[in-house]
Amino acid sequence: MLPSSHAIPIKRRAVDSNPSPQLLADAFSEFISASAVLEASYRDLQGEVSRLSAELTKRNEALASSLAENERMRAALQQMLDSMPCGVLVLNHAGRIVMINTECRHLLNLGAVSISSLHEVSATSKVDFEALSKGPDNQFGSEICIQTGIEKRWLAISKRKLFCGPAHQPEHLHSIWILRDITANKLAEQEREAARRATALAEISTILAHEIRNPLASMELFADLIEQDLGTSSHWVSHLRAGIRSLSGTVNNVLSLNSESKACLTQVDLVRCVRSGVEFVGPIAEQAGLSLSFHAANDTPSVEGNEEAIRQIVLNIVCNAIRHTETGGSVDVSTRSSIQNGKVVALVEIRDTGCGIADSAIGQIFDAGFSVTGETPGLGLAVCKRLMIQHGGTISASSRIHEGSTFLLEFPAI
């Protein structure tokens, strides 16, 4: 507060108890002027209120129209999803179900149960969607089998991530799941596999019939001749032994082709093993009127293998050579060593003077059931290739029409 000596003097207007007409006129004029300004402000305020009210009404109408349009679009989208042949499940970032169509409910056996989350879907359908959701996005081809009463249903489930807003806003869409019923495809696949197995069984049966028919006919003939005993029974016994050995080879081929187990490998004297195989098929060559010989180089190394398997390989190739060589021809078997890529390998070569193999067929002779002549399918060479692979070796063939064929076996040497 200022000191009293510095107080600002205030002019006080004396109030006249009897104002003059001029003073009253001035005061009234000022009141009229203020009233006019106040009335103008009131009119402006009324106009602004009317404008804001109109704008609010317009916005409310637009919002109501937008909500109605969104609802119509949602209903139309739901109708579209319900008409789709696959199940559709849409989730937001909070893991809540935004949309689910009728087919999805049908495939998961949900019925009319009210569900709102993926956890509830998993609990009701017995399908672990929560585990599937932890997989990578854009995951396709997850196949699951669910039990529906006494039947099984196969479903293919795929998941795609949706980019519809930031993750911190949980109401935005996050992912879409597509479910397809592939039960019919699975059943068709099983039927095709059953048909394939039946066809393969029929082919093998045909092959066996061809492989066994000729030796059986020969054995029957030789048995009749032995029964008649014309003084040459030992000769017919030799031929009978050849037929038996041929059948033995056929049975071993079938067992080798269908066996999933690998042969037990030990150190094998290759020369002794191959010689025993050649001697085993000697009666067959004699019966066919062919010359069968065996030559072994002194440097032939031992190999790691299975004697029975190696003997089976020799039997198959020699029998195949005898089958395609005319009477008076020859089949020569030899063993030797060689160095390839700095490593010692043991070679077994089987050469015949038969009809030969065409170049167009040389690449197919190791396929099961393939026949060079197109008449009698066989298993022997397919078994040979499989056994050579088990030994870590290779088998190859070269041939010239009307001159003969050569088969070369390569074994890793010890």
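Each reported figure results from applying straightforward, stated rules to the coordinates on display, with no laboratory input. All values derive from a computational prediction rather than experimental measurement. FYI the Cβ positions are ideal-geometry reconstructions off the backbone, even for glycines, and counts take in every protein chain you see.
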(message) If you take every residue apart from Arg153 with its C-beta less than 14 Å away from the C-beta of Arg153, what net charge results, scoring Lys and Arg +1 and Asp and Glu -1?
(response) +1
(request) Determine how many Å³ per residue the convex hull of the Cα atoms of segment 28-77 encloses. (result) 27
(request) Find the Rg to Rh ratio for segment 284-403, where Rh is the Kirkwood radius over alpha-carbon pairs and Rg uses the same atoms. (result) 0.96
(message) Please report the equivalent ellipsoid semi-axes of segment 48-108, computed as sqrt(5 x eigenvalue) of the Cα gyration tensor, largest first, in whole Å.
(response) 38, 13, 5
(message) On a full-extension model of 0.36 nm per residue, what is the gain between Lys126 and Glu308, subtracting their alpha-carbon distance, rounded to one decimal in nm?
(response) 60.2 nm
(message) Can you give me the distance in nm between label points at Asn109 and Leu38, each placed 7 Å from the Cα along the Cα-to-Cβ direction?
(response) 8.2
(request) Along each of the three principal axes of the Cα atoms of segment 291-355, give the extent in whole Å, ordering the values from largest to smallest. (result) 41, 22, 20
(request) Calculate the spin-label point distance for Leu408 paired with Ile178, positioning each point 7 Å from the Cα along the beta-carbon direction, and give it in nanometres. (result) 5.4
(request) Can you tell me the FRET efficiency between Ala27 and Ala54 if r is taken as the Cβ-Cβ distance and R0 is 51 Å, rounded to the nearest 0.05? (result) 0.80
